[in-house]
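Presented below is the structure to which this report refers.
Here, each number is a calculation from the coordinates, and none is a lab measurement. Source: prediction; values computed, not measured. Backbone-built Cβ (ideal geometry, glycine too); neighbour counts: all protein chains shown.
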């Protein structure tokens, strides 16, 4: 039977008293300096919201017990031996675990409110060459995005051990930040978000703390 | 997954932030063996149906880890 992976943990992690998928008991598969928390996998990836929340409850309980590199939902391996093989480079996993030790992730969404994108350069009306107009619009948009990054992401990132910012892909999307912060800093980040949300031209939401989903890949920022 | 900043309640944003992370974040162990991308796409499709009607779900706050 294949195994369902919740995340990579310290090998001495005490398993929480929380059921795995379909009530399957949690198991710790040790591989040298690290381990993985798994349970027997169902034949198909469960797709109900309740299943995803049940998975999240296990990961959050693990986060309370120690550092966790959460696995992407749906991660399955053929058997315990495959889990051990995938954790072979123990040093790499251990340093990734150390990077999230004592830390949690906060999620921030931010956008300029309505049309109040401050000092957006007006498109030059006399610009008739289509290629140039397009490039001018692109530059203006990138400038608006850049100022959102400076205004919201930059000060938040200063409070974080690591930070990732994803610019809006479309006009109606917010920029999205992920911040890996010491537990003691969570309140400060939330206070800063509240202060930013008070500003009339910005909408800002902050959720979490979450397990460090955006900072779980060894050697990668996200 | 998108969220409307002005109409979404805080709980909805928390749910979307969580789903973003569960389905697009996290470490992938030995991706070639692990993940059937088709499986994940199915989850996405299924959840986008949930998200579009999320305000009718009335999820209790306690069911949303990380909210608040």
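Averaged over peptide A:104-114, the number of partner chain Cβ atoms lying within 10 Å of each residue's Cβ comes to 3. The mean count of C-beta atoms from other chains within 10 Å of the C-beta of residues in A:186-193, rounded to a whole number, is 0. Which parts of the range A:169-211 would a label at residue A:134 reach, counting a residue when its backbone N lies under 13 Å from a point 7 Å out along Cα-to-Cβ? None, by backbone N distance to the label point.
Compared with the dominant principal axis of the Cα atoms in chain A, helix A:186-198 is inclined by about 30°. Relative contact order of the range A:1-101: what whole-number percent is it, with Cα pairs under 8 angstrom and at least 6 residues apart? RCO, the range A:1-101: 40 percent.
Averaged over the residues of peptide A:86-94, the number of Cβ atoms from other protein chains lying within 10 Å of each residue's Cβ is 1. Ranking of A:4, A:93 by neighbouring Cβ atoms within 10 Å, starting from the fewest: A:93, A:4.
With only the Cα atoms considered, chain A has a convex hull volume of 155 Å³ per residue.
Here the extension length gained between residue A:51 and residue A:198 equals 49.3 nm, from 0.36 nm per residue of separation less the Cα-Cα distance.
Is the range A:151-200 rounded, prolate or oblate when judged by the Cα gyration tensor, a ≥ b ≥ c being the square roots of its eigenvalues, rounded requiring a/c under 1.5 and prolate requiring a/b larger than b/c? Note, shape of the range A:151-200 comes out oblate.
What is the range A:171-222 by shape, rounded, prolate or oblate, if you read a ≥ b ≥ c off the alpha carbon gyration tensor as root eigenvalues and call it rounded for a/c under 1.5, prolate for a/b larger than b/c, and oblate otherwise? Note, shape of the range A:171-222 comes out oblate. In this label model, residue A:84 and residue A:65 are separated by 2.0 nm, measuring between points 7 Å along each Cα→Cβ vector.
The modelled label-to-label distance between residue A:145 and residue A:17, using points 7 Å beyond Cα along the C-beta direction, is 5.0 nm.
Remark: the Cα gyration tensor places the range A:134-221 in the oblate category, a/c being 1.5 or greater and a/b not exceeding b/c. Taking 0.36 nm per residue of sequence separation and removing the Cα-Cα distance, the residue A:101/residue A:161 pair yields an extension gain of 20.5 nm. Computed across the range A:1-75, the Kirkwood radius stands at 12.2 Å (inverse of mean 1/r, all Cα pairs). Using only Cα atoms, tell me the angle between helix A:49-65 and the longest principal axis of chain A; keep it within 0 to 90° and round to the nearest 10. Helix A:49-65 sits roughly 80 degrees off the main axis of chain A. Remark: A:193, A:206, A:39 ranked as A:39, A:193, A:206, counting other beta-carbon atoms within 10 Å and listing the fewest first. Spacing of the modelled spin labels on residue A:40 and residue A:27, each 7 Å from Cα toward Cβ, amounts to 0.9 nm.
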